[in-house]
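Colleague: If you scroll down you'll find the structure; I have some questions about it.
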Amino acid sequence: MTTKAQTKQFIDIAYKLNAGDPHWVQPLRSEVANLITPGKNPFFEHARVQFFLALQQGQVVGRISAHIDELALQQPPEQGMGPGTGNWGMMEATEESVMHALIRAAEQWLSDQGMIRVLAPLSLSVWEEPGLLTQGHDQSPMIMMGHHNPAYQGWIENLGYKVAKRLVTYDLPVKDGFPELINRIVASGERNKKLVIRKVDKKHFDRDAAIIMGLLNDAWSTNWGFVPMTDHEIDHAGKSLKPIVHEALIRIAELDGEPVAFMMTLPNMNEVIKDLKGSLLPFGWAKLLWWLKFPKAQSMRVPLMGVKKELHNSRLASQMAFMMIEYIRRDAVAHFGTRYAEIGWILEDNQGMVAIADAIGAKINREYLIYDKPIDSV
């Protein structure tokens, strides 16, 4: 894929193949273009990427990306990535034979680059849309989450791919509050004079964004699949998310004046862009700008939450999490008309987060699988 026309074909095929799925949310084409364009996405600064198109009788029938993240290669193998591990993602195909041809092309490219193992799908990095949706096809995805043809699971597994990790999201009704036990934990935390839960300050957005991303890199550093975000990626993420950042929905916990935890909540922009059909023209931009200025969102997503590594598995860590969740819940209901939230993704074996989700009455509503396969078994 080397020309502007091929790039357009790479983007357009997803819209064509998913047109009949009422739950697929058409992303803005400009956002997809930025994702796959060097210079627009800082992922390319530390990754080698190759895009493939599948054609039959001159017609595009599928696509896939193959990529090698140099930062992922430096991670401990026991954490999922590590030396010799490449990835593919952004796969779309009309039928199984096309999917198999695309995956084999991605595997061959990765092998030619010296990789011996595939961990997939990732589109493009673990911080964007990891995993294949395997449960929850009957509902539209939340902001920044993937949605895939249910047939893809069998097509991928038929090539010998085995599940490496299960990621889950949790659905959480928020209108009526949480169990009394949670309220008591929150009240107890409020009596701790050393602990402050504050809103982010958009007047000092760059400062708070850097604090959050610094906490994220620390809090997640031992998680399976972790790849550190670079300073440029942190800056890029902050600028990208700023239009949908609301002070009441993002909290930072400070202990003795030092930031030690955060929770980020985003209004589910998919509620408004679903009807834009991937374009801001002719009038979609006005609808989107109005929503950004006066957002009402029945649903929210909690994509990120983190506590400094030194406090992991402590009673205080859970208490701060419950406090941030409750404070954001109150403001989301009061000011945005929110009725439910989605928490995740969460690693299925992240016992701390699973325990928190269970305690507040959240239920698993979606599953994403990440697969593993040695390349030399092709």
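Colleague: Hey, any hits in the stretch 259-270 for a residue that's at pLDDT 90 or above and small (Gly, Ala, Ser)?
Modeller: Yes, the stretch 259-270 contains at least one residue that is at pLDDT 90 or above and small (Gly, Ala, Ser).
Colleague: Another question, if that's okay. Among the numbered conditions (1) over 17 Å from the mean Cα position of the chain (by Cα); (2) over 23 Å from Gly214 (Cα atoms); (3) hydrophobic (A, V, I, L, M, F, W, C); (4) modelled with pLDDT of 90 or more, tell me where Ala286 comes up short.
Modeller: (4)
Colleague: Any chance you could count how many residues in the stretch 176-189 are surrounded by fewer than 12 Cβ atoms within 10 Å (Cβ to Cβ) and within 14 Å of Ala341 (Cα to Cα)?
Modeller: 1
Colleague: What do you reckon, is Ala19 without any contact (Cβ under 8 Å) to a residue 12 or more places away in the chain, closer than 15 Å to Ala93 by Cα and surrounded by fewer than 16 Cβ atoms within 10 Å (Cβ to Cβ)?
Modeller: Yes, satisfied.
Colleague: Also, quick follow-up: Just one of the numbered conditions (1) outside any strand (DSSP E or B); (2) more than 17 Å from Leu215 (Cβ to Cβ); (3) under 22 Å from the mean Cα position of the chain (by Cα) is not true of Asn365; which one?
Modeller: Here Asn365 meets the rest and fails (1).
Colleague: Of all residues in the stretch 328-377, which are among the hydroxyl-bearing types (Ser, Thr, Tyr) and either within 30 Å of Asp112 (Cα to Cα) or surrounded by fewer than 20 Cβ atoms within 10 Å (Cβ to Cβ) (or both)?
Modeller: Of everything in the stretch 328-377, those that are among the hydroxyl-bearing types (Ser, Thr, Tyr) and either within 30 Å of Asp112 (Cα to Cα) or surrounded by fewer than 20 Cβ atoms within 10 Å (Cβ to Cβ) (or both) turn out to be Tyr340, Tyr368, Tyr371, Ser377.
Colleague: So which residues in the stretch 125-176 are aliphatic (A, V, I, L, M), in contact with a Gly (Cβ under 9 Å, 6 or more places away or on another chain) and more than 18 Å from Ala357 (Cβ to Cβ), if there are any at all?
Modeller: Val126, Leu132, Leu133, Ala164
Colleague: Exactly one of these conditions fails for Leu53: (1) more than 19 Å from Met99 (Cα to Cα); (2) at pLDDT 95 or above. Give me its number.
Modeller: Unmet condition: (1).
Colleague: So, one more: Out of curiosity, is Val196 surrounded by fewer than 18 Cβ atoms within 10 Å (Cβ to Cβ) and touching a Phe, Trp or Tyr at 6+ places or on another chain (Cβ under 9 Å)?
Modeller: No.
Colleague: Here's a check for you: in the stretch 142-156, which residue that is in a loop (DSSP other than H, G, I, E, B) and out of contact with any helix residue (DSSP H, G or I) (no Cβ under 8 Å at 6 or more places or on another chain) is nearest to Ile346 (Cα to Cα)?
Modeller: For the stretch 142-156, the residue satisfying everything is Met145.
Colleague: Within the stretch 40-48, is there a residue that is under 23 Å from Val227 (Cα atoms), surrounded by 14 or more Cβ atoms within 10 Å (Cβ to Cβ) and in contact with a Ser or Thr (Cβ under 6 Å, 6 or more places away or on another chain)?
Modeller: Taking every residue of the stretch 40-48 in turn, at least one turns out to be under 23 Å from Val227 (Cα atoms), surrounded by 14 or more Cβ atoms within 10 Å (Cβ to Cβ) and in contact with a Ser or Thr (Cβ under 6 Å, 6 or more places away or on another chain).
Colleague: For the stretch 117-176, give me the residue count where each residue is of a type in the set (Asp, Glu) and either closer than 17 Å to Glu96 by Cβ or modelled with pLDDT under 95 (or both).
Modeller: Number of matching residues: 4.
Colleague: Still on this structure: I need the full set of residues from the stretch 112-124 which are touching a residue at least 40 places away in the same chain (Cβ under 8 Å) and either acidic (Asp, Glu) or under 13 Å from Arg48 (Cβ atoms) (or both), in order please.
Modeller: The answer is Gln113, Met115, Leu124.
Colleague: Look through the stretch 214-269, keep the residues that are part of a helix (DSSP H, G or I) and of a type in the set (Gly, Ala, Ser), and return whichever of them is nearest to the chain's Cα centre (by Cα).
Modeller: Among those that are part of a helix (DSSP H, G or I) and of a type in the set (Gly, Ala, Ser), it is Ala237.
Colleague: Further question on the same structure: Please go through (1) outside the structural domain of Gly337 (by TED's automatic domain parsing); (2) in contact (Cβ under 8 Å) with a residue 24 or more places away in the chain for Leu195 and return the number of the only condition it doesn't satisfy.
Modeller: All conditions pass for Leu195, except number (1).
The values are calculated or read from the model by the stated rules, or taken from the named source; none is laboratory data. What you are looking at is a predicted structure, and each value in this text was computed from that prediction instead of being measured. All Cβ positions, even for glycine, are placed from backbone atoms using ideal geometry, and neighbour counts span all protein chains on display.
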